[in-house]
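Read through the structure below, which is laid out as structure tokens, and then see the notes.
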Number of protein chains: 2
Amino acid sequence: MELSAILEDSCVRDWQTVDPAAVEPVRFAVIGLGWFTKGRALPAMERSDLCTPAVLVSGAAEKADRIAAETDGATHGITYDEFHDGVGTDAYDAVYIVTPNALHLDYVETAAAFGKDILCEKPMERDSDRAAELHATAADAGVDLMIAYRMHTEPAVRRARELIAAGYIGEPMSVTGNMSQRLLDRIDPNPDQWRLDEWLAGGGALFDIGIYPLNTARFLLDADPVAVTGNTASTHDAFDDVDETVSFSVEFPGDVYAQCYASHNARQSSGITVTGTEGQVRIEPAFFQDQTRELHVSRGDGRASVTLNKVDQMHEEVDYFADRVRGDEPIYPDGDHGLVDMHAMEAIYEAAETDRWITLD
Amino acid sequence: MELSAILEDSCVRDWQTVDPAAVEPVRFAVIGLGWFTKGRALPAMERSDLCTPAVLVSGAAEKADRIAAETDGATHGITYDEFHDGVGTDAYDAVYIVTPNALHLDYVETAAAFGKDILCEKPMERDSDRAAELHATAADAGVDLMIAYRMHTEPAVRRARELIAAGYIGEPMSVTGNMSQRLLDRIDPNPDQWRLDEWLAGGGALFDIGIYPLNTARFLLDADPVAVTGNTASTHDAFDDVDETVSFSVEFPGDVYAQCYASHNARQSSGITVTGTEGQVRIEPAFFQDQTRELHVSRGDGRASVTLNKVDQMHEEVDYFADRVRGDEPIYPDGDHGLVDMHAMEAIYEAAETDRWITLD
């Protein structure tokens, strides 16, 4: 593996298998029209050759209609109830579920009943039992299920993964990863949102952003956790029910340890570093959208920092999903993959309560 | 705290209290003439206005004589036995102990009996019982004792500590620190050295290099550990008796967690990052000598990387010790300070064996 290959073609869609001109775009029903959907998902789908935001689903008919009218390619604006009732099923091929975590299962049940493929936001659900039921529901209906880990199609992450797989850093030994932002600053003046509600979210900083270093460590190492420990903390009243901050460690096979940190109360920061016997790969900034990704590599006496062209991570992600729906290759972040994170995160909470390391089955 | 102050005077010896021209230099007996002493300590003392390497102590008379003849300011080369017998006591004021960890106590006992002040390499001893005895021996004799944490006088670390104390990053939330190098590459073809001997060293990667992020986290936060957990691993036969790699987490007061990694089998790398509610301070590279230190700071929308002038860390350290011996200010990294690390490191080993978090008293 030569670094020059990374420099030359750093943003190549190495995962692409279908020719966009040869297939029909995947028409999405997009469920949940919050700031993330409006600001990220819909613009990416509008821009895509492989998918369109055909049906927009919200709690209020007026809101769904209004956003549908403003969105290129949208043909229907419907309510959650109408979605469950089967309104507009002919107008979409797949669903993208962007609701609070605890509602994912309900929409998966409806989508699966209508034979629609499913792109579901991470974390899968509010707990692993519901996540397992979600997974089984999709599997029983024979529809595709992808968990929306956008780091899997982030070019900087894919290039880092290739370097590691090719032995560039020798044997991986250690991972450190972090993601933090001031959530209360972002969502002010409306602190009463679902991410702070334990029933709707299932967890706090760990479920919302700690999952980034956790899952990206798994993806970079191509390995799953063996055991975990961790601690949680909260300082603001708004985080009475869920963790504001989490610090956790993950044991991977072969005595490789990942140490991760996530906080809704620390300065915006994100990065992930894999250190091996021979070298090191670091992505920083790593996880927030709208940032120019840098890949920092070192081996022997050499060090290099590679600045990658900025890509629209949502565009990459929805196109990957459409590519897998229209083509024959399997989805990598499938239900089994997402369940591993659910079990690991629940074990981290258990560890935080018991001051132990928890072994995963 | 303005960043400009750091840029203007980044390497100032803010700790200095005595005028080198107004005091007699501290004449050292340097005990243990390995590569570190020859390559680092003696050149620093030769260069110093505040100390001289007066008496050189080794196992072999010939070696002590030869190195003394090559060293500016050295007046005696003596053996370990001669040191214990009191040879040359009029020729030195203080001792610098650079022997294997398990021998520190013996030399402290002799130095204290002769009324000599003591600079003792870290870790203090091979275990906390012997370290406590070492501390008591120096205290009972009324001699100064400093544990040789050279990061305390590293300008990049001191500037980072000032920024944190001044509130530049808001409330500290999280620390990550790491230090790694390929020890077997460095010491080949002589793997049979004391750092690999559990009886002489007391511990492996944790005692030798993990102590850097551990102690520097304490110094930067101005806080001591509340609880720890960790894991150790070894892959080479040479590390049958001591840990080749350690991964550990430290809880500090106020739910601040430090996540640290040290390995004698990973690519050379070192850094420490403190993330707070408002900003972040990172030193990288941090811990190896002969590197140009960079201080990376961020707050709000701003980011800056400050390259500091390279200082001779050993020169700073021995001059700090001499300043405290000749002046009236207390030594910061004293016996009590060193003991905290000994207890924390032993608790990390206990945690590694029991898969628990261990609370420190």
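The values are calculated or read from the model by the stated rules, or taken from the named source; none is laboratory data. This structure is a prediction, so every number in the text was calculated from the model and none was measured. Every residue, glycine among them, receives a Cβ derived from its backbone with ideal geometry; neighbour counts consider all protein chains shown.
Structure above, values below:
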{"item": "Number of positions in the range B:197-237 that are crowded, with 20+ Cβ neighbours inside 10 Å, assigned to a helix (DSSP H, G or I) and not basic (Lys, Arg)", "result": "17"}
{"item": "Yes/no for B:GLU70 being among the acidic types (Asp, Glu), within 23 Å of B:ILE331 (Cα to Cα), assigned by TED's automatic domain parsing to the domain that holds B:ILE118 and surrounded by fewer than 21 Cβ atoms within 10 Å (Cβ to Cβ)", "result": "no"}
{"item": "Matching residues in the range A:38-57 - criterion: being outside any loop (DSSP other than H, G, I, E, B) and touching a Pro at 6+ places or on another chain (Cβ under 7 Å)", "result": "A:LEU42, A:MET45, A:GLU46, A:CYS51, A:THR52"}
{"item": "Breaking point among (1) more than 27 Å from A:ALA352 (Cβ to Cβ); (2) crowded, with 24+ Cβ neighbours inside 10 Å; (3) within 20 Å of the chain's Cα centre (by Cα), for A:GLN280", "result": "(3)"}
{"item": "Residues that are at pLDDT below 95 and within 24 Å of A:HIS104 (Cα to Cα), drawn from the range A:1-31", "result": "none"}
{"item": "Scope the range B:141-189; condition more than 14 Å from chain A (Cβ to nearest Cβ), closer than 20 Å to B:SER269 by Cβ and among the β-branched types (Val, Ile, Thr); matching residues", "result": "B:VAL157, B:ILE187"}
{"item": "Hits in the range A:195-248 - residues which are within 18 Å of A:ALA351 (Cβ to Cβ) and free of Cβ contacts under 8 Å to residues at least 12 places away in the same chain", "result": "none"}
{"item": "Unique residue being touching a residue at least 12 places away in the same chain (Cβ under 8 Å), out of contact with any Gly (no Cβ under 7 Å at 6 or more places or on another chain) and closer than 30 Å to B:ARG182 by Cβ when the list is A:GLU329, A:GLU317, A:GLU294", "result": "A:GLU294"}
{"item": "Selection from the range A:238-254 of residues that are closer than 18 Å to B:THR275 by Cα and part of a strand (DSSP E or B)", "result": "A:THR245, A:VAL246, A:SER247, A:PHE248, A:SER249"}
{"item": "Of all residues making up the range B:263-287, the number that are in contact with a Gly (Cβ under 6 Å, 6 or more places away or on another chain) and of a type in the set (Lys, Arg)", "result": "1"}
{"item": "Residue under evaluation B:VAL242, criteria (1) facing chain A (nearest Cβ under 9 Å); (2) of a type in the set (Val, Ile, Thr); (3) under 24 Å from B:ASP197 (Cβ atoms), criterion not met", "result": "(1)"}
{"item": "Evaluation of B:SER48 against (1) at pLDDT below 95; (2) within 20 Å of the chain's Cα centre (by Cα); (3) among the small types (Gly, Ala, Ser) (one fails), failing number", "result": "(1)"}
{"item": "Subset of the range B:255-273 (residues that are at the interface with chain A (Cβ under 7 Å from one of its Cβ atoms) and either among the polar types (S, T, N, Q) or part of a strand (DSSP E or B) (or both))", "result": "B:TYR257, B:GLN259, B:TYR261, B:SER263, B:ASN265, B:ALA266, B:ARG267, B:SER269"}
{"item": "The one condition in (1) under 20 Å from the mean Cα position of the chain (by Cα); (2) closer than 16 Å to A:LYS38 by Cα that A:ILE78 fails to fulfil", "result": "(1)"}
{"item": "Residue list for the range B:4-37, filter: of a type in the set (Lys, Arg) and part of a loop (DSSP other than H, G, I, E, B)", "result": "B:ARG13"}
{"item": "Among the candidates B:PHE248, B:PHE252, residue that is closer than 15 Å to B:ASP341 by Cα, more than 17 Å from the chain's Cα centre (by Cα), more than 9 Å from chain A (Cβ to nearest Cβ) and modelled with pLDDT of 95 or more", "result": "B:PHE252"}
{"item": "Qualifying residues in the range B:133-173 (those that are charged (D, E, K, R) and within 21 Å of B:CYS11 (Cα to Cα)) - the one farthest from the chain's Cα centre (by Cα)", "result": "B:GLU162"}
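Let's see how each residue does on (1) farther than 25 Å from B:THR89 by Cα; (2) surrounded by 14 or more Cβ atoms within 10 Å (Cβ to Cβ); (3) in the same structural domain as B:PHE83 (by TED's automatic domain parsing); (4) of a type in the set (A, V, I, L, M):
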position	(1), (2), (3), (4)
B:SER10	yes, yes, yes, no
B:ALA21	no, no, yes, yes
B:ALA29	no, yes, yes, yes
B:LYS63	no, yes, yes, no
